[in-house]
Amino acid sequence: MQPSLLSPSRRLRRTPFSEGVEAAGVKAYTIYNHMLLPTIFRSVQEDYHHLKTAVQVWDVACERQVEIRGPDAGRLVQMLTPRDLRKMTPGQCYYVPMVDETGGMLNDPVAVKLAEDRYWISIADSDLLLWIKGIVWGMRLDVMVEEPDVSPLAVQGPRADDLMAAVFGDAIRDVRFFRFGWFEFQGAPMLIARSGYSRQGGFEIYVEGTHLGMPLWNVLMEAGRGMDVHAGCPNLIERIEGGLLSYGNDMTRENTPHEAGLGKFCNTMTAIGCVGRDALLRVAKEGPIRQIRALAIDGAAVPPCLEAWTVTDDKGRRVGQVTSAAWSPDHRTNVAIAMIRMTHWDAGTTVLVHAPDGPREALVRESFFS
Ligand code: THG
């Protein structure tokens with residue numbers, strides 16, 4: 001096995017599944033919420049084809065939870081997001097943009113409502129815990145906020161239902177999208193939601209503690225033998241095709257949810273108490289002047305997108321930037337996520353993408369690729 005090129009330390013956290021990930025031959029990691037996140041097993045393209053045809057088990061322990069518990073929990077969670085949470089009931093998950101007082105995005109987590117007074121906020125890559133603790137202190141709220149020892153394990157792909165039913169029973173098939181149920185594994189209750197960072201369908205198992213991590217990993221791998229199960233991870237190509245955004249890459253604190261194309265997850269008028277509400281009411285009324293778009297970029301496979309690539313019109317005037325891009329074998333073009341100014345965001349517009357190996361023509365698309 002190749003030695004890791006990341007210098008490990010206590011700051012750079014391993015997960016309850018790291019042993020299984022290593023045994024499966026992980027080839028590359030990134031760091032996400034100060035924790036290891038696998039990015040390649042066989043190759044990004046092989047992992048992509050396999051994800052779209054079989055079933056994978058993903059170590060997404062780096063989707064850390066911020067637990068909010070106590071009498072003010074509901075009030076606090078509504079302060080964090082412009083999405084109206086009044087109809088959210090225990091057993092539901094909501095994808096919620098979270099914003100600061102200027103309407104700038106701080107995170108785009110999945111909120112999991114366990115009880116009227118208890119939530120897990122399943123965060124993207126930013127230290128949201130610190131912002132939340134600051135609000136709690138400043139507002140003297142009656143809640144406890146902490147990072148519990150909870151590690152999501154995702155099962156994704158067209159055969160996810162069959163694999164999960166083999167381990168947890170057929171009742172798992174009845175869990176609806178962005179809902180969760182409680183299922184038993186070796187005597188321990190496990191929260192399992194139908195969700196996950198792919199468009200291929202599947203589940204996320206919120207594993208509490210460390211001790212059941214490898215037993216669960218091994219049971220899934222064993223049960224999936226006849227289903228071509230393999231270790232996998234969020235796949236760059238598949239998530240761009242599907243238009244799944246990556247916080248810190250595709251949008252940052254510089255962007256409002258509307259710019260990020262997440263306006264459909266905002267009900268700013270009725271999200272009473274949301275910290276960025278006044279700022280967002282203003283931008284929602286005017287409408288954004290730049291927004292996330294899917295692009296198809298001409299030419300051979302693009303190099304990795306390690307920094308934003310400038311997008312211009314044919315006269316060289318800046319009209320936006322590409323933030324994620326990859327060659328798609330299925331669509332036989334480069335697929336990309338870009339932030340484009342309104343003068344050029346209409347579907348069918350041709351723009352120039354200044355990739356590191358030179359300028360390329362690109363087409364603004366009506367929608368993503370899945
Ligand atoms: N699952 C869980 N936690 C997470 C992620 C996840 N934390 C980190 C990161 N992913 C957060 N970002 C996203 C981005 C997209 C989605 C979920 C989390 C997602 N979006 C769908 C969409 O945009 O169409 C569905 C949203 C909906 O219809 O409600 O799934 O993946 N636990």
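The values are calculated or read from the model by the stated rules, or taken from the named source; none is laboratory data. Here the structure is a predicted model, which is why all the values come from computation and not from measurement. Reconstructed Cβ throughout: ideal geometry from the backbone, glycine too, with neighbour counts over all protein chains shown.
Data for the structure
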item	result
Positions within region 167-188 being in contact (Cβ under 8 Å) with a residue 60 or more places away in the chain and either among the small types (Gly, Ala, Ser) or closer than 17 Å to residue 57 by Cα (or both), in sequence order	181
Of all residues in region 163-181 being among the charged types (D, E, K, R) and in contact with a strand residue (DSSP E or B) (Cβ under 9 Å, 6 or more places away or on another chain), the one that is farthest from the ligand (Cβ to nearest atom)	174
Options 204, 184, 146, 222: the member that is within 16 Å of the ligand (Cβ to nearest atom) and at pLDDT 95 or above	204
Of residues in region 187-201 being more than 16 Å from the ligand (Cβ to nearest atom) and in a strand (DSSP E or B), the one surrounded by the most Cβ atoms within 10 Å (Cβ to Cβ)	188
Region 75-119, subset of a type in the set (S, T, N, Q) and over 20 Å from the mean Cα position of the chain (by Cα), residue farthest from residue 63 (Cα to Cα)	102
Odd one out for residue 281, checked against (1) at pLDDT 95 or above; (2) touching an Asp or Glu at 6+ places or on another chain (Cβ under 6 Å)	(2)
Failed criterion for residue 92 (all others in (1) within 15 Å of the ligand (Cβ to nearest atom); (2) closer than 28 Å to residue 31 by Cα; (3) surrounded by fewer than 22 Cβ atoms within 10 Å (Cβ to Cβ) hold)	(2)
Residue in region 61-70 that is of a type in the set (S, T, N, Q) and more than 16 Å from the ligand (Cβ to nearest atom) present	no
Residues satisfying the stated conditions in region 233-262, i.e. of a type in the set (Gly, Ala, Ser) and in contact with a Ser or Thr (Cβ under 9 Å, 6 or more places away or on another chain)	242, 243, 246, 248
Selection from region 114-153 of residues that are in a strand (DSSP E or B) and either of a type in the set (S, T, N, Q) or surrounded by fewer than 16 Cβ atoms within 10 Å (Cβ to Cβ) (or both)	115, 122, 144, 146, 151
Filtered residues of region 263-281 (kept if within 16 Å of the ligand (Cβ to nearest atom) and of a type in the set (Gly, Ala, Ser))	263, 271
Qualifying residue in region 239-261 (condition: aromatic (Phe, Trp, Tyr), farther than 22 Å from residue 179 by Cα and in contact (Cβ under 8 Å) with a residue 24 or more places away in the chain)	yes
